[in-house]
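Structure first, commentary second.
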Amino acid sequence: MADRDADDDTGVQPHSRSTNGTPRWVKVFGGIALVLVLLFVILLLSGRGGGHGPSRHASPGDRGAHVLPSSVTEHGVRQPRP
Amino acid sequence: MTPRLRKLALTAHVTASVGWLGAVTGFLALAVAGLTSQDAQVVRAAYLTMELTGWFVLVPLAFASLATGLVQSLGTKWGLFRHYWVLFKLLINVSATIVLLLYMQTLGSLADAAAEPTLSGADLDVLSSPSPVLHAGAALLLLLAATVLAVYKPRGMTRYGRRKQDLTPIRTSSPS
């Protein structure tokens, strides 16, 4: 009986001889991942994407610059946003 | 691992991983509701539910997926570092788990703010944040990529894998 991995149903065997060199899909995936990581680091360093801690969400009363005219109520009565 | 044990481990890993994917989809729906709803009660409920979902569903499933994945890879001939698709799945899993754990801090803050009894409607507008939507969307894409890798298992061995393969003879089929 062939020594086949029981959890492999794609025809790809763990013992399949692989060609030398890095496959193209690895280079593409790796490149995309690298770009995303760099983007994330740049955002963090620029201060735009950072601040995931509690200080980012300080008490709502402190965020006067971001307060919009109230368009909701506490009792479930909806009002449309202006 | 024996075939039976291998199937058990595979079942556990698929359950945890696909369960995690499904939970993130549900979380995304809550995040969208929190961002777009005009109803204060819905916004509050969304953020409170997101935090609960995070701690009691997402985090356990993330760790379960990682643990069962490690068992699956180390207990079979695929190995952990021999094939690129396994390595990429590991990196996706570990990074998604780390980001999730870090983001739970933000979710906790949002939930604490949503639970405040004295919040006004204006405060709730401030609370409505696109951040959970963005994070959930990114997590969904990552987990989908991991699922595709798991099913298709694209060819490609790492240098380490090729070295191990050269040292290990291939067992060929033989009639019993």
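All of the numbers you see were taken from the coordinates with simple rules; none came from a lab. Since the model is a prediction, treat every value here as computed from it, not as a measurement. Glycine gets a Cβ as well: all are built from the backbone with ideal geometry, and neighbour counts include every protein chain shown.
Once you average over the residues of B:158-164, how many Cβ atoms of partner chains fall within 10 Å of each Cβ?
Shielding by partners across B:158-164 averages 2.
Just counting partner chain Cβ atoms within 10 Å, what average do the residues of peptide B:124-130 show around their Cβ?
Counting other chains' Cβ atoms within 10 Å and averaging over B:124-130 gives 5.
Report, as an integer, the average count of C-beta atoms from other chains found within 10 Å of each Cβ along B:69-78.
Mean shielding count: 2.
Hey, can you rank B:25-34, B:91-100, A:29-38, B:1-10 by average C-beta count inside 10 Å, highest first?
B:25-34, B:91-100, B:1-10, A:29-38
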